[in-house]
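The values are calculated or read from the model by the stated rules, or taken from the named source; none is laboratory data. For clarity, every value in this text was computed on a predicted model and none was experimentally measured. Here the Cβ is made from the backbone with ideal geometry for all residues, glycine too, and neighbour counts use every protein chain on show. These area figures cover heavy atoms from the full protein model, side chains too; ligands, DNA and RNA do not enter into them. Shrake-Rupley method; radii C 1.70, N 1.55, O 1.52, S 1.80 Å.
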Amino acid sequence: MMRILSKLQAGTALCAAVLLAGVPVQADSLIENVNGMTLDNDGKVIRFAAMVIDDDGRVKELLGRKDKRPKELDFQFDGKGKTLIPGFVDAHGHVMGLGFAALTLDLSGTKSLAEAQQAIREYAEKFPNRPWIIGRGWNQEVWGLGRFPSAADLDAIIPDRPVYLTRVDGHAAWVNSAGMKEAVITTATKAPVGGAIEKTGGKPSGIFIDKAQDLFAKVIPAPRPVENDLALMKAQEILLSHGVTAIADMGTTMEDWQSFRRAGDKGQLSIRIISYAAEIENMIAIGGPGPSPWLYDDRLKLAGVKLYLDGALGSRGALLKAPYADKPGESGLALLTSAQLKNKMSRAAMDGFQTAVHAIGDQANEEVISAIEELQYTFKGDRRWRIEHAQIIDPLDLPRMAQTGAIASMQPVHQTSDRLMAEARLGAKRLAGAYAWNSILQSGARLAFGTDAPVESSNPFPGLVVAITREDANGQPFGGWIPEERITREQAWQAYTVGAAYASFAEDKIGSLTKGKRADFLIIDKDILLATPQDVRNMTVEQTWIGGRPVYVSKVK
C-alpha cells in the first residue's frame with residue numbers, strides 16, 4: 001500500500017508542477033496554434049485554431065486562423081499544431097470500482113482457467129497477511145471453459161484462506177470453500193430473491209449470481225476510508241490518462257460519496273463526477289430532500305439513483321422474453337417485480353431525482369419502457385429517464401422507447417466483448433435489436449456512450465472505433481457484426497460527449513467547447529475525424545485539461 005501511495009503522490013506532484021509552471025489561478029488564457037474541433041448540441045462539427053478561456057475556466061471564444069487575438073493575455077499556450085478536442089464524458093462507469101480494480105487482484109487479462117489460477121496463487125503469495133483474497137475480472141467465456149469455474153478450482157491453489165472474486169461484469173462471484181465457510185453457506189442455504197446459487201450434486205459450486213453475492217456482505221472486510229481515498233486517487237489518475245474529464249458514477253454509496261467529498265474539501269478532486277446513488281437508501285442518505293447542487297466548482301453532483309432490474313448475459317441473469325438458447329430452462333433473473341420497479345422510480349421522481357435503470361435483456365428493457373410510459377403521466381417535465389446498457393431490445397419496443405424520451409446509455413465495447421456469447425445465449429434469430437445503436441438513433445431515441453469501467457477499459461477511443469466499425473481489435477468480424485447497426489464517426493463522438501452530458505442534465509456545462517462551457521479538453525496525437533480506425537483505437541492523450549488547467553501530461557513523447 002505504501003508503494004502505491006508513493007506512486008500516487010508522485011503523480012499528484014507532477015500535475016501540481018505543471019500547474020505551478022505557468023497557468024495563473026485567475027487570468028484569461030489563450031490556447032493557440034491547435035487543430036481544434038468540437039461538436040455543437042446538434043452534432044455539427046466546429047473547427048477552430050485558438051480558444052480563449054476566461055478566469056473562471058470557461059470557454060470565452062473560439063477563433064479561426066485569421067481572427068484577431070486578444071491583446072491583453074496573462075497566459076498563452078502553444079499547441080504546436082496538435083489536435084484539441086473536448087474531454088470525454090463517460091456516461092456510465094464505476095469510479096471506486098475502477099480504482100480498487102487497479103489496486104487489487106485483476107483477472108481481466110487472463111485467457112484460461114490455468115492462467116487465472118497462477119495469477120491468484122502469485123497474488124496470495126505476494127500478500128500473505130491479507131485475511132481475504134479479493135479480486136475481479138474473470139470471464140469463463142474468454143477462457144473457453146464451457147462452464148462456470150468452481151470452488152474446487154480455487155481450493156486446489158488456496159485451500160486455507162477465503163477467496164472472493166467478482167466476474168468481469170460484477171454480476172457473479174467465484175468463492176472457495178473457505179470463503180463459503182466464513183459466510184456459513186451450506187446445502188440448505190437459499191438464494192435471496194433476485195439471486196441464484198449454482199449447485200453441483202446438490203451442493204453450492206462456488207458461484208453466486210446477482211443478489212446471492214449479498215450473502216457475503218457481512219463477512220468480507222469493508223475498505224477503510226484511507227483505502228477508499230486511495231482508490232479514488234488511482235481512478236482519477238487512470239481516467240485522466242484516457243481523456244475522461246467527467247463521468248457518471250453508477251452506484252455511488254455513502255462511503256463513496258464521503259470519499260468524493262474529502263477529495264473535494266482538500267482540492268484533490270480533479271475529474272467531474274456525476275453521481276447516481278446505489279439504490280433508494282443511499283439516494284436518501286446522500287441527497288436527503290433532493291439532488292445536490294454542483295459542488296467544488298462543478299466537480300461533483302448527486303443527480304439521481306441507479307436501480308437494477310436484471311443481471312447480465314454472461315451469468316444468464318439478463319431477463320429475456322424467451323428462454324436462453326444455450327440453457328432452455330432459464331430466462332434470466334428479475335431483480336425487481338414490475339410493481340417494485342415503478343415504486344422505486346416513483347420514490348426517486350417525486351423528489352426530483354433522475355432514475356437510471358440497469359436493463360440488459362429484452363424483457364427487462366420492455367418493463368422499463370412500460371414503467372416510464374405509466375409514470376410520465378404523473379411526473380411531468382423533462383425527466384430524462386435513463387436505461388443503462390439497453391443491450392437487447394425487441395425491435396417492436398424501439399418506437400415506444402423513443403416516444404418516452406428515454407435515453408439509451410450504452411457501452412460500445414460490450415458489443416465486441418459479448419459478440420460470441422450473445423450469439424450463444426440468444427441464437428441467430430434473436431439478434432435483431434442487439435447493441436442496436438443505429439436502430440435506436442433512427443427510432444428518434446437518444447444515445448449516451450460510456451465504458452462501464454472497470455468492466456471494460458475506461459479508454460473511450462476503442463469504443464469510438466467499435467461504434468463505427470462493429471469490429472474488434474483484430475478487425476473481426478470483417479465488415480462488422482450486424483453492420484447495419486454501425487453509426488457515423490460524428491454520431492459516436494457525439495454520444496461520448498454532448499450526448500453523455502445531456503443524459504446527466506449537464507449539457508450547459510460540459511460535453512463541448514462552445515461559449516460559456518467549461519474548458520475541459522484534450523491534446524491528442526492525431527485528428528480524430530481523419531485518422532484511420534486503428535489509429536483512433538491507439539490514440540495517445542498527450543494532455544488533459546479541466547477548467548482551463550492541465551491535470552494530466554503524458555510522459556510519452
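Summary of computed values
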read-out	value
Subset of the stretch 373-402 (residues that are assigned to a helix (DSSP H, G or I) and either under 23 Å from the mean Cα position of the chain (by Cα) or of a type in the set (Gly, Ala, Ser) (or both))	MET401, ALA402
Residues located in the stretch 40-55, provided they are surrounded by fewer than 15 Cβ atoms within 10 Å (Cβ to Cβ) and either more than 33 Å from the chain's Cα centre (by Cα) or not hydrophobic (A, V, I, L, M, F, W, C) (or both)	ASP40, ASP42, LYS44, ARG47, ASP55
Filter result (closer than 23 Å to PRO221 by Cβ, open to solvent by 20 Å² or more (accessible area, probe 1.4 Å) and not in a strand (DSSP E or B)) within the stretch 146-167	ASP155, ILE157, PRO159, ASP160, ARG161
Subset of the stretch 452-480 [touching a Gly at 6+ places or on another chain (Cβ under 6 Å) and within 19 Å of ASP169 (Cβ to Cβ)]	ALA453, PRO454
Qualifying residue in the stretch 356-363 (condition: closer than 18 Å to ASP418 by Cβ, in contact (Cβ under 8 Å) with a residue 24 or more places away in the chain and in a loop (DSSP other than H, G, I, E, B))	yes
Candidate set: the stretch 281-293, residues that are in a loop (DSSP other than H, G, I, E, B) and either touching a residue at least 60 places away in the same chain (Cβ under 8 Å) or in contact with a Gly (Cβ under 6 Å, 6 or more places away or on another chain) (or both); chosen: the one most open to solvent (accessible area, probe 1.4 Å)	PRO289
Positions within the stretch 177-234 being open to solvent by 70 Å² or more (accessible area, probe 1.4 Å), in a loop (DSSP other than H, G, I, E, B) and within 16 Å of THR253 (Cβ to Cβ), in sequence order	ALA217, LYS218, PRO221, ALA222, ARG224
All positions within the stretch 116-129 that are open to solvent by 60 Å² or more (accessible area, probe 1.4 Å) and in contact (Cβ under 8 Å) with a residue 12 or more places away in the chain	ARG121
Cross-chain or 6+ apart pairs with Cβ under 6 Å, the stretch 146-159 first and under 14 Å from MET180 (Cβ atoms), then open to solvent by 30 Å² or more (accessible area, probe 1.4 Å)	ALA151/SER177; ASP155/SER177
Residue that is least open to solvent (accessible area, probe 1.4 Å) [pool: residues in the stretch 130-145 that are in a loop (DSSP other than H, G, I, E, B) and within 30 Å of ARG261 (Cβ to Cβ)]	TRP132
Residues that are part of a helix (DSSP H, G or I) and open to solvent by 20 Å² or more (accessible area, probe 1.4 Å), drawn from the stretch 422-441	GLU423, ALA424, ALA428, LYS429, ARG430, ASN438, SER439, LEU441
Single residue of LEU98, LEU84, LEU73 found to be open to solvent by less than 60 Å² (accessible area, probe 1.4 Å), outside any helix (DSSP H, G or I) and at pLDDT 90 or above	LEU84
Hits in the stretch 300-324 - residues which are modelled with pLDDT of 95 or more and touching a helix residue (DSSP H, G or I) at 6+ places or on another chain (Cβ under 6 Å)	LEU300, LEU302, VAL305, LEU307, LEU309, ASP310, LEU319, LEU320, LYS321, TYR324
Test set (1) crowded, with 17+ Cβ neighbours inside 10 Å; (2) touching a helix residue (DSSP H, G or I) at 6+ places or on another chain (Cβ under 7 Å); (3) assigned to a helix (DSSP H, G or I) - ASP418 fails condition number	(2)
Tabulated pairs, the stretch 526-551, first on the phi > 0 side of the Ramachandran plot, second polar (S, T, N, Q) and buried (at least 18 other Cβ atoms within 10 Å of the Cβ), C-beta under 8 angstrom, 6+ apart or interchain	GLY548/SER29
Filter pass, GLU490 being acidic (Asp, Glu), over 23 Å from PHE48 (Cα atoms) and open to solvent by 40 Å² or more (accessible area, probe 1.4 Å)	no
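Residues are listed down the side, and each one gets a yes or a no for (1) more than 18 Å from VAL305 (Cα to Cα); (2) surrounded by 24 or more Cβ atoms within 10 Å (Cβ to Cβ):
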position	(1), (2)
LYS342	no, no
MET350	no, no
THR355	no, yes
GLU366	yes, no
ARG383	no, no
ARG386	no, yes
ASP397	yes, no
SER409	no, yes
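Each row is one residue, and each column tells you yes or no for (1) touching a strand residue (DSSP E or B) at 6+ places or on another chain (Cβ under 8 Å); (2) touching a residue at least 12 places away in the same chain (Cβ under 8 Å); (3) crowded, with 24+ Cβ neighbours inside 10 Å.
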{"site": "ALA246", "(1), (2), (3)": "yes, yes, yes"}
{"site": "GLU255", "(1), (2), (3)": "no, yes, no"}
{"site": "ARG261", "(1), (2), (3)": "yes, yes, no"}
{"site": "LEU269", "(1), (2), (3)": "yes, yes, no"}
{"site": "ILE274", "(1), (2), (3)": "yes, yes, yes"}
{"site": "GLU279", "(1), (2), (3)": "yes, yes, no"}
{"site": "LEU295", "(1), (2), (3)": "yes, yes, no"}
{"site": "ASP326", "(1), (2), (3)": "no, yes, no"}
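Residue-wise test of (1) open to solvent by less than 30 Å² (accessible area, probe 1.4 Å); (2) over 20 Å from the mean Cα position of the chain (by Cα); (3) over 26 Å from THR544 (Cβ atoms).
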| position | (1), (2), (3) |
| --- | --- |
| SER443 | no, yes, yes |
| VAL455 | yes, no, no |
| SER458 | yes, no, no |
| VAL466 | yes, no, no |
| GLU471 | no, yes, yes |
| GLY480 | yes, yes, yes |
| ALA500 | yes, no, no |
